[in-house]
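A.B. asks: I'd like to ask you about the structure that follows.
Taken together, the values in this text are just the output of simple stated rules run on the coordinates, not laboratory data. Source: prediction; values computed, not measured. Don't worry about glycine lacking a Cβ; one is built from the backbone with ideal geometry, like all the others, and counts go over all protein chains shown.
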Amino acid sequence: MAKMKFLCDAERCIECNGCVVACKNENQVPWGVNRRRVVVLDDGVPGEKSISVACMHCTDAPCSAVCPVDCFYTTDDGIVLHDKDLCIGCGYCFYACPFGAPQYPQKEAFGARGKMDKCTFCAGGPTGDNSDAEYERYGRNRIAEGKLPLCAEMCSTKALLAGDGDMVADIYRQRVTRRGGRPQTWGWETAYKNS
């Protein structure tokens, strides 16, 4: 079975934030939560790079390892999801994630966290039935519809790649070969150590 992965080509990302807007609109992400964000490396310095960052759906997800209630699980195709019914809002996953993917809505005073939210690779939630209830809690299940995450589909420069990890790696390898440079796959080694 294919293992789904994200990769952002820093040579192509133009910091348009189209991926961020697509994600927020498609999944009705709550105010104050960003499942995806664009980060600028070496901002203002010649050669600065922009990358789109979200949950990388790691092979050995650190968020899952530290969760005291085991609300995280990995699907057969490698997508790391969570069950909001089990989440207690402790924040351990936020501190363990090297990408800052787990987010908490700021609805309460004094930093009360509430239920964690993160990128679902547009795979919905634990029920996987594409119901209205699933959509309301986790966002649209585009994977069940045979589609890729909207953030990658809406990327105007095709900097953000999503899909089968082998295909994503092949596309990126071809790009790097054409450019004649050295690959700069920010986050790939951290997220997919054993892939």
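A.B. asks: Go ahead and collect, in residue order, the members of region 160-181 whose backbone nitrogen is under 19 Å from a label point 7 Å along the Cα-Cβ direction of L148.
C.D. replies: Once the point is set 7 Å along Cα→Cβ of L148, 160-179 turn out to lie under 19 Å by backbone N, inside region 160-181.
A.B. asks: Using per-residue counts of other Cβ atoms within 10 Å, averaged over each peptide, order 154-162, 5-13 from highest down.
C.D. replies: Ranking, from highest mean packing down: 5-13, 154-162.
A.B. asks: OK, next. Quick one: order D76, D83, D170 by neighbouring beta-carbon count within 10 Å, fewest to most.
C.D. replies: Sorted ascending by nearby Cβ count, the order is D76, D170, D83.
A.B. asks: For region 4-190, what relative contact order do you get, as a whole percent, if you take Cα pairs closer than 8 Å and at least 6 residues apart?
C.D. replies: Rounded, it is 28 percent for region 4-190.
A.B. asks: Label points 7 Å out from Cα along the Cβ direction at T59 and T157: separation in nm?
C.D. replies: Inter-label distance under the simple model: 2.9 nm.
A.B. asks: Residues of region 66-99 with amide nitrogen under 19 Å from the 7 Å Cα-to-Cβ point of Q28?
C.D. replies: Label zone hits: 82-85.
A.B. asks: Highest mean first, how do 41-54, 136-149 rank when packing is the count of other Cβ atoms within 10 Å averaged over residues?
C.D. replies: So the peptides 41-54, 136-149, ranked by packing, come out 136-149, 41-54.
A.B. asks: What nm value, rounded to one decimal, do you get for the distance between L86 and R12 when each label is placed 7 Å out toward the C-beta?
C.D. replies: Taking the two extended label points, one gets 3.5 nm.
A.B. asks: Relative contact order for region 30-87: what is it in percent, counting Cα pairs under 8 Å that are at least 6 residues apart?
C.D. replies: 22
A.B. asks: Further question on the same structure: Hey, which of these cross-link pairs are over 23 Å Cα-Cα: K49/K115; K24/K84; K115/K147; K49/K147; K3/K158; K115/K158?
C.D. replies: From K49/K115; K24/K84; K115/K147; K49/K147; K3/K158; K115/K158, over 23 Å: K49/K115; K115/K147; K49/K147; K115/K158.
A.B. asks: Each residue of region 21-34 in turn: what ³J(HN,Hα) in whole Hz from Karplus with 6.51, -1.76, 1.60 and θ = phi - 60°, glycine and Pro shown as x?
C.D. replies: Each residue of region 21-34 in turn: 5, 4, 5, 4, 6, 5, 9, 6, 5, x, 4, x, 10, 10 Hz.
A.B. asks: I would also like to ask the following. Which ³J(HN,Hα) values in Hz, rounded to whole numbers, follow from the phi angles of region 137-143 under the Karplus curve 6.51 cos²θ - 1.76 cosθ + 1.60, where θ = phi - 60° and Gly and Pro get x?
C.D. replies: 8, 10, x, 5, 9, 6, 5
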